[in-house]
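Report on one structure; see the data block that follows.
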Amino acid sequence: QCGSVRTLNTARVLIVIVNYGTPALTLDCVESLRPTLEHFPNTELTLVDNGSGDDSLKQFHAAEIIQTLRARIHILSLPQNIGYAAGNNAAIRLALQSPSPPDYIWLLNSDTQVRAHALDALLETMENQARAGIAGSRLENADGTPQRSAFRFPSIPGEWEANVHWAIMTRLCARW
């Protein structure tokens, strides 16, 4: 959290999506954000093209959603691929230097499909958990079932426990 928020839908949120050669996926992600952008008037989106070297930028500039919401969607073109984290940091750095820095920053992968009210849930969590400095979205498969996104560091006992589900093994592997 970068500042205080009075009401959730007036929060200043920066959404960052880093693209590297996946313009169609990235534009699908942006399209899935349309209801979010409509519901949160102070939310802005930065698309970072991480030196794709393809026609990503051309596709972004021609996309209807980017034309429609051009005041709130910014395209940051990097000359080379500097990696996912550095691509995000480039957008975040610019936003934090602005006169109105965001209250929150939401990082999305380019292949994300955002469900309705996802940002509502994240903001509510951040506001209700005063000690939280970061929150993550639940990852789901296309059918809505949860994706496994948190797990133990791989080990032989841990893998065995994950597949066998014996209570004794669960207790023995608890520290890992």
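The values are calculated or read from the model by the stated rules, or taken from the named source; none is laboratory data. Since the structure is predicted, the reported quantities are computational estimates derived from the model, not experimental observations. Heads up, the Cβs are rebuilt from the backbone with ideal geometry, glycines too, and the neighbour counts pull from every protein chain shown. Note: accessible area is taken over every heavy atom of the protein model, side chains too, but ligands, DNA and RNA are not part of it. Shrake-Rupley method; radii C 1.70, N 1.55, O 1.52, S 1.80 Å.
Here are the numbers for the structure shown:
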| item | result |
| --- | --- |
| For the range 37-87: rounded, prolate or oblate by the Cα gyration tensor [a/c cutoff 1.5] | oblate |
| Shape call, the range 76-138: gyration tensor on alpha carbons, a/c limit 1.5 | oblate |
| Cα gyration tensor category, rounded, prolate or oblate, for the range 1-103 with a/c compared to 1.5 | oblate |
| Probe 1.4 Å, all protein chains present, accessible-area order of GLU159, GLU127, largest first | GLU159, GLU127 |
| Spin-label pair ALA116/ARG148, simplified geometry with 7 Å Cα→Cβ offset, distance in nm | 3.2 |
| Rounded to the nearest 10 Å², the accessible area of ASP28 at probe 1.4 Å | 80 |
| Per-pair calculated FRET efficiency, R0 = 30 Å: ILE156 and ASN109 via Cβ, rounded to 0.05 | 0.45 |
| Counted charge near ILE17, where neighbours are those whose Cβ lies closer than 14 Å (Asp, Glu -1; Lys, Arg +1) | -3 |
